[in-house]
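Below is one structure; the comments refer to it alone.
The values are calculated or read from the model by the stated rules, or taken from the named source; none is laboratory data. Quantities reported herein were computed from a predicted structural model and do not represent experimental measurements. In this analysis, Cβ positions are derived from the backbone assuming ideal geometry, glycine residues included, and neighbour counts consider all displayed protein chains. All accessible areas refer to the heavy atoms of the entire protein, side chains included, with ligands and DNA or RNA removed. Shrake-Rupley method; radii C 1.70, N 1.55, O 1.52, S 1.80 Å.
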Amino acid sequence: MGNLEALGDAITGGLVARAVEPAAGEAGDREHTHERNCLNCGTPLKGPFCSECGQKAHVHRSVRGFMQDFLAGMLNFEGKFWRTLPMLAWRPGEITRRYIAGERARFISPVALYLFTVFAMFAALNFTGTLSSGQNKVNFQSQLKTDIADSQAAIAKLQAQRAAAVAAGQDVAPIDRKIARQQEDITTSQNVLNGRAFASAKGADEAPRWIRPFIKRAQDDPQLASARVQDAASKYSWLLIPLSVPFMWLLFPFRRRYNTYDHMVFVTYSLSFMMMLVVLGSLLIEVGASSLASLLFFVPPFHMYRQLRGAYELGKWSAIFRTMALVTFAFVAAGLFMAAAAAIGTS
Ligand SMILES: [Zn+2]
């Protein structure tokens, strides 16, 4: 991508749009200092940028200038993107440590990356149909029908066994229990097929009282409920960051040289990477490489270990113990978050 950046610089004559992200070590534009005072805040100008607010001394007011800013901003972002992404994947500890230590302009900030990946994740999930309930519903129904047929076949087989057992004078109670279980499965599947979801042998009223209105709304319009749950999940996704920080405090109770800011950078980069895995997984499933996608389940603990070890400069065992705690916490947090999104989305 270095070529693209050089191309962009050539086209824009070295102008870099500071509006998108501050550029890494750019010399700036020395040709345009017509203004004596900053056009933004009025501070007397020395050099190509305002020493008070950072705005460029010379601003464009032409379509050409607009296009230059647009292109430069895009290529600047792209350059950073390809510098950030491989490092986040292979050396997450290093990028976290360097960002905390102050190399900010070089990489995409954790927050910008997080917002980008939330968007990318929901786009990918919708595009690949993982979240489109219409298609899922059809698949789900045919699955239920297969289940019922399987159970019926199993019952036929069990009844033959039972007849043989009776003829041999054996105890048929275990076989009867198996038959009863299969029949229960059929009843459940048929209830769901007939739109009486969750109306299992026990009945819908057995569900905890607080959950019943959500079930009711999800049954009335599954498509709308799914869209609203997604909406809630993306709208409140930032909550995962503050929720994770207290846990990071617990992981490092005696390490005073790491503060809350450091933990927030760690968590935000980590969550961004995990969402990229979801994007990758859904794309792999889409092209039929499901077994490859299932291998991705083993990546998070490994990545967490590498990031913990590198970012906090931990020993091997110290990092392993903290990884186990972090994986456990991540499961609980993800579960709670999904439950909250479902509750908000269907209320
Ligand atoms: Zn200024």
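Some observations on this one:
- Accessible area (Å², 1.4 Å probe, nearest 10) - Ser62: 60
- Placing +1 on the Cβ of every Lys and Arg and -1 on the Cβ of every Asp and Glu, with no other charges, gives region 245-347 a dipole of roughly 460 debye about its Cα centre.
- Label-point gap, in nm, between Val111 and Leu71 - each point 7 angstrom along Cα→Cβ: 3.1
- Annotation: peptides 144-152, 275-283, ranked by per-residue average of other Cβ atoms within 10 Å with the highest first, follow the order 275-283, 144-152.
- Region 252-347: C-alpha gyration tensor shape, a/c 1.5 cut-off, then a/b vs b/c: oblate
- Accessible area (Å², 1.4 Å probe, nearest 10) - Tyr305: 50
- Ala101 versus Ala89: modelled label distance in nm, points set 7 Å from Cα along the beta carbon direction: 2.4
- Cβ-derived FRET efficiency at R0 30 Å, Phe119 paired with Thr43, nearest 0.05: 0.25
- Other-chain or far-sequence residues with amide H under 5 Å of Phe49's (modelled H): Ala57
- Three-way shape label, region 68-133, alpha-carbon gyration tensor, a/c 1.5: oblate
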